[in-house]
Amino acid sequence: MKLDTKEFEAKMKKSIESYERELDTVRAGRANPNVLSRINVDYYGSATPINQIGSITVPDARTIVIQPWDSTTLKGIEKAILASDIGITPANDGKVIRLVFPQLTEDRRKELKKQVSKLGEDAKVAIRNIRRDAMDKSKEMKKNSEMTEDEQKISDKNVQDLTDKYIKEIDIITAAKEKEIMEI
């Protein structure tokens, strides 16, 4: 009986999805509403995501406009954005909040590229940890005579092939994001 790799593959896919969500929050010089995804506003005593208390539009490549459905939340949205780590000062005109993304400097691009590389390495570590868990399970199954040595070798190879596939996917995603950051 070989090791069933489905659960480990599912975990690897979740790691990739998590990595992609993490990259969405990295500011690449373009207006991307996903940078607001982690910001919550105090709305009548509960932390509420910005996209649930107003509409978010991108009128041009460098601007995000947030139009709250309840104008009393403007100050709260402004405060939440200032307290976040996106590094943009919101402009409140009494009706909407504008976020203008400045052109990235060369140093900032390099800094962001390093950040993306580090996030990529963290994602690879997560994949390798899943591989280790799978290998441990196959060793345990061999030890408990649930599989032969040949079946263990096949299982380990299947796990390694899965690992290689997802590590390569992380490399592709990372390279695409770094290219996006370095574009002027």
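Observations
- Residue match in segment 21-29 (condition: in contact with a helix residue (DSSP H, G or I) (Cβ under 8 Å, 6 or more places away or on another chain), hydroxyl-bearing (Ser, Thr, Tyr) and in a helix (DSSP H, G or I)): no
- Note on segment 58-71: residues that are open to solvent by 10 Å² or more (accessible area, probe 1.4 Å), under 16 Å from ASN32 (Cβ atoms) and in contact with a helix residue (DSSP H, G or I) (Cβ under 8 Å, 6 or more places away or on another chain) amount to 1.
- Unique residue being charged (D, E, K, R), open to solvent by 80 Å² or more (accessible area, probe 1.4 Å) and free of Cβ contacts under 8 Å to residues at least 12 places away in the same chain when the list is LYS2, LYS95, LYS118: LYS118
- Some residue of segment 72-87 being modelled with pLDDT of 85 or more, among the acidic types (Asp, Glu) and either on the phi < 0 side of the Ramachandran plot or touching a strand residue (DSSP E or B) at 6+ places or on another chain (Cβ under 6 Å) (or both): yes
- Candidate set: segment 127-151, residues that are surrounded by 18 or more Cβ atoms within 10 Å (Cβ to Cβ) and small (Gly, Ala, Ser); chosen: the one nearest to LEU162 (Cα to Cα): ALA134
- LYS11 fulfils the conditions (1) of a type in the set (Lys, Arg); (2) at pLDDT 80 or above; (3) open to solvent by less than 30 Å² (accessible area, probe 1.4 Å) except for a single criterion, (3).
- Residues located in segment 72-92, provided they are open to solvent by less than 100 Å² (accessible area, probe 1.4 Å) and among the acidic types (Asp, Glu): GLU78
The values are calculated or read from the model by the stated rules, or taken from the named source; none is laboratory data. What you are looking at is a predicted structure, and each value in this text was computed from that prediction instead of being measured. Note that we place each Cβ from the backbone using ideal geometry, even for glycine, and neighbour counts take in every protein chain shown. For the accessible areas, the whole protein counts, side chains as well, though only heavy atoms, and no ligand, DNA or RNA atoms are used. Shrake-Rupley method; radii C 1.70, N 1.55, O 1.52, S 1.80 Å.
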